[in-house]
Amino acid sequence: MLISKAYAQAVEVSASATEALPAAPSATEAFLWNMGMVLVMVVLFYVLLIAPQQRRMKDHAHMLQGLKKGDPVVTGGGLVGTISKIKEGDEQVEVDLGSVKVMALRTTLQGQGSGLLKQKPANDASGSNAKAK
């Protein structure tokens with residue numbers, strides 16, 4: 001009805017043209033290819049996301065176990081200080097922030113190291129930004 005008779009006519013295909021066409025994969029082959037792609041995605045997901053996160057968690061737990069009095073630390077809120085009181089097995093740690101001592105949970109301590117206290121702020125008043133004005 002909507003197709004003109006010129007386009008509805010049968011087209012003869014030579015035997016050599018049908019031999020050049022690839023055969024469609026069977027249902028089993030298609031299933032195996034799909035499962036293979038899912039397996040590749042799972043492996044990539046593990047390698048790129050899960051394994052690095054587990055490594056970070058392990059390093060953080062190791063850092064928390066190795067804390068001792070006098071170690072410089074950074075809290076989860078970004079406060080930098082030194083540990084003034086710590087007990088083995090206790091979840092709370094006393095952190096000296098200079099003029100104030102605060103109690104922090106051991107798990108909220110994010111970093112440890114002597115280089116933390118030596119770093120200068122990016123925009124200090126005595127730096128080049130004050131001279132530029």
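Just to be sure I understand: if I project the alpha-carbon convex hull of the range 69-116 onto a plane and average over all orientations, what area do I get in nm²?
Across all orientations, the range 69-116 yields a mean hull projection of 3.0 nm².
When you count, for each residue, the other Cβ atoms within 10 Å and take the mean per peptide, how do 70-76, 31-37 rank with the highest first?
By packing density, highest mean first, the sequence is 70-76, 31-37.
Gain in length, Glu88 to Val38, computed as 0.36 nm per residue apart minus the alpha-carbon separation, to one decimal in nm?
Additional length available on full extension: 13.4 nm.
Each reported figure results from applying straightforward, stated rules to the coordinates on display, with no laboratory input. The shown structure was predicted, so the numbers you read here are calculated from the model rather than taken from an experiment. In this analysis, Cβ positions are derived from the backbone assuming ideal geometry, glycine residues included, and neighbour counts consider all displayed protein chains.
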